[in-house]
Structures are given as structure tokens and as C-alpha cells.
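A quick write-up on the structure given underneath.
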Amino acid sequence: MQLIDQHTKQIMEGCKERARAAGLRFQDESLEYIVTNRDLLELSPKMMIPTLYDYWVNDVEVLKEKGKYELYPGNPYETVINTRPAISFYNDNNPDWLNVMIFYHVLAHIDFFQNNLYFRHTWDFDLAGEALTDKRLIARLRAEHGRWVDYVIEFARGIDNQVGYFQELSQLHRQPADTMSRRLNYYFDVFIQSVKQVKISDFIKEVDRFNECMQNFGKLGENTFFAEVTRKYPEFDAVFAKSQSSGQQGRLDLLQYLMEHSPFLNRDENKWMKSVVEVVRKTSIYFQPQIRTKIMNEGWASYWHETLFLKDERIRGHEVEFARVHAGVTSMPRVGLNPYALGMRLFQFIEEQADKGKLTYDYQRILDAETRKRFDAGTATGRDFIFSVRENCADFLFLTNYVDQEFVDRHRLFVAGKRLNKAKMTWEYYVKSRSAQQYRQMLLDTLYHPPCITVDETKKNEGLFLDHHHEGQPLVQEFIANTMMGLEFLWGGPVKLRTNEVVTAPQLAEDVWAGMEEPEATWHTVIYTMKDRQLTKTVL
């Protein structure tokens, strides 16, 4: 691994000037390295961070990737690390015209990292430096405690999707304290959500009631609101006072809860384990926005490498080569998902819609198809609008807000189904639906969505009692036993998990037709108990 030479660095600096002129915003400093195929294979399990702590699973992944590379040689054109300064890696045999395209792609990624609000907690963070500190800490603990360090890493990583990413963000975007009292924050953020676990509809009713009190009674609105709260929940003031005295003003995620309350981790001889758990938690939170913005981030980078490359006078004569590489990256598959292609086309679609004034209420009210097709208010605000989308959305909002029937029809998108051809005894794919609603739902189903698991503190006498909040998806059965064994170790006692499982799974239909209703699954509630490394299940 080595820094790029001065000639290539000048190409990068030229790309920076043109990217800034087009509106992208990023810090001046960046580091670019040339890497070999071997470097890429060894860095991939570490999420391309050379200073990330050592872990035996990463070594296994390297061996697996080396075997795969021998059969199917190929590596990504580039990789970017979201740190300060931003670091990017490139193959060592790229021609200059290809580097121009790749540099624009990388600069758009850096712009996304440094301006999208879902990355707010990383904006002032030197990941490479912090990871090096963690790596040295893990190495020292491993020298003192041997293989137990790897056990703790493995058990903590088994639940590292249960980190309070949105709570971390909410601390950064919280309104000034003088506009919302601590009492009010505690009531809405903790008490009725975690302690009382009210339904969403009841939560919304409480918000409406608070707004009504503020509107009708002005400065006395909050006191009026809490008069009803204390009548309904007489214990509220005592619970709030206790939370303030303990310094706990928000919900703890599962890893935080273990570090705070585990009898095992808080023994003097085991407190070093909390440092390991904290490293795993901190690393997981850092990467949470990346997995939640995959389609947007890759689409944004592809949009800009296409836009800026074609305007760059330095690459004249290489348009055909560019078209070949660009098509390979951004072609839309008939079945499956390419985040580069989908994200880029959606940004282009949004820009065009905003340029014509179609992202407005006036346009949405038009029902006639011909009138909608001819509509053009000439607002020409598309470029500003996509910068706003880049700043404020993650994949869920990006797809929910902007994948509509016009977008689906324009790109001839569809939901593919699979059925058995009895005559040929083969499975075949068919066009199941061209509805934007179903296509959007298919995309949303592919997004990262970890299970919502909370600690039920009312059952402390039963050990660590966890609740999996049902959202229509069961937990992955094969992971339950080992994950709960790790939890039992970290907790130092029995662990229970309440969840829902499918009793009757819907059968795959052999004959399908348009408008056919999908069969629904039947669910029941179960409690898993891990005690003395033995797992049992009780059906309620």
C-alpha cells in the first residue's frame, strides 16, 4: 500500500475543483492509496479499515475471499473510508481516464458522508485514529486474558445490531433545553414508550393533547398537560425523580444495559470486559448509517461521476470506454437490485420532477393522465432539491417518498414472482406486479431492519428478560441458541426471550393470477430460556 504519485494526485485535485464548482461540499484534505489485490482481500473483512482490532473471524474471511478470488478474480474500483481526513483506496493499474471517473465517484461519497444528517455523529470523528487506539487496547487485554477476549468480542458482536443509533443521533439534534423541559422529554421519550409501552395511536393522542394544551393555555400549557398525566399515572413524578437522580435520562440499548446492570460484568475481576463490549458497540454505531443509506449513497456517487465526467475536457476521446464501464456499474437488472443503478435513476428522476414543479401539492391534485404528462411549471429547482434530499434522507424515506408509478412505468420495473412449471418440473420467474406500491414494498423489504428487542425491567426477578417486539418477521431460528448463550455469559445468569413464531407458514401457490391475495401466516408467542447453557422453549 502506498500513496498515489504526484501525477495522479494532480488529477484528483482537478476533480475536486470541478466537483466544488458543481456544488459538492467536502473538506480539503484527503488521502489516496494505491493497493494491490492482496491488500484489498485482507482489508475487506475489516471494512477496509487497516487499524481495526484483530479478530480471528476476520482471518477466516481472508482465507475464504482468497479462495473465491482464485475462481472469480475481480475487485472493486475504489473504496472510501469515512474518517478525517477521508481515505480512499484504488487499484494499481487504472488508466488516467478511469481514475477521473473514479475520483468523481469517491468525491461524491465523501460529500455524502460529510453532509448527510444520518452521519452527523461521524462528522468530527477520526475513525482510523480511534480504531488504532481500540486495536492496542484489545491487544493488551488479549495478552492479559487470552482467549476470553475473543469470547467477549464474539458474544458482543452477536447483538451489535441492538445499539441505540437513533438515540445517539437524537442527542445531536435535540432542541434547545429551554423549549422542552426534561420532564416533558422523559415523559414522551422514556415513560410512555419504555415504561408504559403504549400503542402508537395512544402516543399520538398524547402528542395532540400536549399541543392542544400549549395552544389553549400558553405558558401554563405544560402544567395543565401534566395535571392529567399525574392523575392517569400517579407514579410518574416518583419515576421521573428516580431517573434524574440516577443520571439516566434516556433508554439504554441492550449492550449499554449489560454494561450498566450485568452482575457478572460489574465484578471487579471482570470489569475489563466492559471495555471490549464498548469497543464493539462504538464500532457498530459508527457503521449504522452506511447500511441505512446504501442505495442513496451509491446512487449519489454514480449520479455525480456520470454528470462530471462527461463535462471534463481532460477525458476527451475516452467516452466509449467510459460508457462501457459506466453501463457495467449502473445497468438495471431485470430481477434483483443494483443500488448504483436504482439510486442514480431515482436522483435523476427527482431532479427532473422538481425542475418541472411536479413535487408539489398542485401537481398531486391533478388526476388526468395527459395533463400530468404535459405538466411543467418551469420551476427549475431540481439541483437544489436533490441536494436537500441528499442531506435529509436515508434509504427508507428516499424510496417511500419518491418511488411512484411514473418512475416504475418509465423504467419498466416490476415485482418478479416464482412458480413451479409442472409440465417441465422447473421453477420459472414471471411478472407478478407492475404496481408502484408493490414494487416499493419489495424494495423496502430488502432494507436493513434489525429486530427491536428491549429489556423488560418489570421481570428482574426472572433474570435478564428480553422482549422482541413483533413487526411481522420472526427471529432467525438458527441464531437464537448461540446468541442467548453469549447473553447468558455476559449477564452471568439465566436469560429469557419472549418472541413470536410462525405456526402455519403460507404455502407457495402453484397457480397465480393478477390480484391474487397472499395467504397470511399464523403466529404464536413463545419464551426461550437459556440457563446453564441449555435452551428450552415454552409456548404461551
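The values are calculated or read from the model by the stated rules, or taken from the named source; none is laboratory data. All of these numbers come straight from a predicted model, not from anything done at the bench. When we count neighbours, we look across all protein chains shown, and the Cβ atoms used for this are built from the backbone with ideal geometry, even at glycine. Remember, those area values only see protein heavy atoms, side chains included, never the ligands or the DNA or RNA. Shrake-Rupley method; radii C 1.70, N 1.55, O 1.52, S 1.80 Å.
Before we move on, is Lys424 open to solvent by less than 60 Å² (accessible area, probe 1.4 Å) and among the charged types (D, E, K, R)?
So Lys424 does not fit the description; no.
Just give me the residues in the stretch 9-44 being within 24 Å of Phe125 (Cβ to Cβ), without any contact (Cβ under 8 Å) to a residue 24 or more places away in the chain and either of a type in the set (Ser, Thr, Tyr) or in contact with a strand residue (DSSP E or B) (Cβ under 9 Å, 6 or more places away or on another chain) (or both), in sequence order.
Across the stretch 9-44, the qualifying residue is only Ser44.
Scan the stretch 53-67 and give yes if some residue there is at pLDDT below 90, outside any helix (DSSP H, G or I) and open to solvent by 20 Å² or more (accessible area, probe 1.4 Å), otherwise no.
yes
With outside any loop (DSSP other than H, G, I, E, B) and open to solvent by 30 Å² or more (accessible area, probe 1.4 Å) as the only criterion, which of Leu141, Leu132, Leu107, Leu98 stands out?
Of Leu141, Leu132, Leu107, Leu98, the one residue that is outside any loop (DSSP other than H, G, I, E, B) and open to solvent by 30 Å² or more (accessible area, probe 1.4 Å) is Leu132.
Is one or more of the residues making up the stretch 7-17 open to solvent by 20 Å² or more (accessible area, probe 1.4 Å) and not in a helix (DSSP H, G or I)?
There is no residue in the stretch 7-17 that is open to solvent by 20 Å² or more (accessible area, probe 1.4 Å) and not in a helix (DSSP H, G or I).
Between residues in the stretch 476-493 that are over 17 Å from Cys452 (Cβ atoms) and residues that are open to solvent by 50 Å² or more (accessible area, probe 1.4 Å) and in a loop (DSSP other than H, G, I, E, B), which pairs lie under 6 Å by C-beta distance while being six or more apart or on different chains?
What qualifies is Met485/Arg533; Gly492/Pro263.
Tell me which helices (runs of 4 or more DSSP H) are completely within the stretch 305-409 and hold 2 or more residues being surrounded by 18 or more Cβ atoms within 10 Å (Cβ to Cβ), or say none if there are none. Talk me through it step by step, then tell me what you get.
Working: elements: 319-330, 339-355, 361-364, 369-374, 382-392, 395-402.
Ranges flagged: 319-330, 339-355, 382-392, 395-402.
Is there a residue in the stretch 293-304 that is in contact with a helix residue (DSSP H, G or I) (Cβ under 6 Å, 6 or more places away or on another chain), part of a helix (DSSP H, G or I), among the charged types (D, E, K, R) and closer than 29 Å to Ala327 by Cα?
Yes.
Has the stretch 411-418 got any residue that is open to solvent by less than 60 Å² (accessible area, probe 1.4 Å), in contact with a Ser or Thr (Cβ under 6 Å, 6 or more places away or on another chain), within 27 Å of His449 (Cα to Cα) and in contact (Cβ under 8 Å) with a residue 12 or more places away in the chain?
For the stretch 411-418, residues open to solvent by less than 60 Å² (accessible area, probe 1.4 Å), in contact with a Ser or Thr (Cβ under 6 Å, 6 or more places away or on another chain), within 27 Å of His449 (Cα to Cα) and in contact (Cβ under 8 Å) with a residue 12 or more places away in the chain: present.
Which one is modelled with the lowest pLDDT among residues in the stretch 413-431 that are part of a loop (DSSP other than H, G, I, E, B) and among the charged types (D, E, K, R)? Can you show your working first?
To start, the set of residues in the stretch 413-431 that are part of a loop (DSSP other than H, G, I, E, B) comprises 413-414, 422-425.
When the remaining residues are screened for being among the charged types (D, E, K, R), the result is 422, 424.
Details: Lys422: 83, Lys424: 86.
Selected residue: Lys422.
Restricting to the stretch 462-505, give me the number of residues that are among the small types (Gly, Ala, Ser), closer than 17 Å to Gly158 by Cα and open to solvent by less than 30 Å² (accessible area, probe 1.4 Å).
Qualifying residue count for the region: 1.
Among the candidates Ile204, Ile138, which residue alone is of a type in the set (Val, Ile, Thr) and more than 30 Å from Met485 (Cα to Cα)?
Sole residue among the options that is of a type in the set (Val, Ile, Thr) and more than 30 Å from Met485 (Cα to Cα): Ile204.
With the condition being more than 18 Å from Met214 (Cβ to Cβ) and modelled with pLDDT of 95 or more, I'd like the helices (runs of 4 or more DSSP H) fully within the stretch 145-201 carrying at least 2 qualifying residues.
148-157
Counting just the residues of the stretch 206-233 that are among the charged types (D, E, K, R) and buried (at least 16 other Cβ atoms within 10 Å of the Cβ), which one comes out modelled with the lowest pLDDT?
Taking the candidates together, the pick is Glu222.
So Ile200 passes all but one of these: (1) within 25 Å of Lys459 (Cβ to Cβ); (2) surrounded by 13 or more Cβ atoms within 10 Å (Cβ to Cβ); (3) of a type outside the set (Gly, Ala, Ser). Which condition number does it fail?
Only one criterion is unmet by Ile200, namely (2).
Suppose we filter Thr79, Thr83 for residues that are polar (S, T, N, Q), touching a helix residue (DSSP H, G or I) at 6+ places or on another chain (Cβ under 6 Å) and either at negative phi or assigned to a helix (DSSP H, G or I) (or both); which single one remains?
On inspection, the qualifying residue turns out to be Thr83.
Is it the case, given these coordinates, that His305 is modelled with pLDDT of 90 or more and touching a His at 6+ places or on another chain (Cβ under 7 Å)?
It is true that His305 is modelled with pLDDT of 90 or more and touching a His at 6+ places or on another chain (Cβ under 7 Å).
Would you check if Trp491 is touching a strand residue (DSSP E or B) at 6+ places or on another chain (Cβ under 6 Å), under 30 Å from Pro263 (Cα atoms) and of a type in the set (Phe, Trp, Tyr)?
Judged against the criteria, Trp491 is a match.
Ser284: under 30 Å from Glu428 (Cα atoms), open to solvent by 10 Å² or more (accessible area, probe 1.4 Å) and of a type in the set (Gly, Ala, Ser), yes or no?
Values: under 30 Å from Glu428 (Cα atoms): no; open to solvent by 10 Å² or more (accessible area, probe 1.4 Å): yes; of a type in the set (Gly, Ala, Ser): yes.
No.
Go over the candidates Thr36, Thr83, Thr79 one by one and state the one that is closer than 30 Å to Val389 by Cβ and either open to solvent by 30 Å² or more (accessible area, probe 1.4 Å) or modelled with pLDDT under 85 (or both).
Thr79
So which pairs qualify, if the first residue must be in the stretch 378-403 and on the phi > 0 side of the Ramachandran plot, the second must be open to solvent by 10 Å² or more (accessible area, probe 1.4 Å) and in a helix (DSSP H, G or I), the Cβ gap must be under 9 Å, and the two must be at least 6 apart or on different chains?
Gly378/Asp355; Ala380/Asp355
Within the stretch 246-281, count every residue that is among the polar types (S, T, N, Q), in contact with a Leu (Cβ under 8 Å, 6 or more places away or on another chain) and open to solvent by 40 Å² or more (accessible area, probe 1.4 Å).
1
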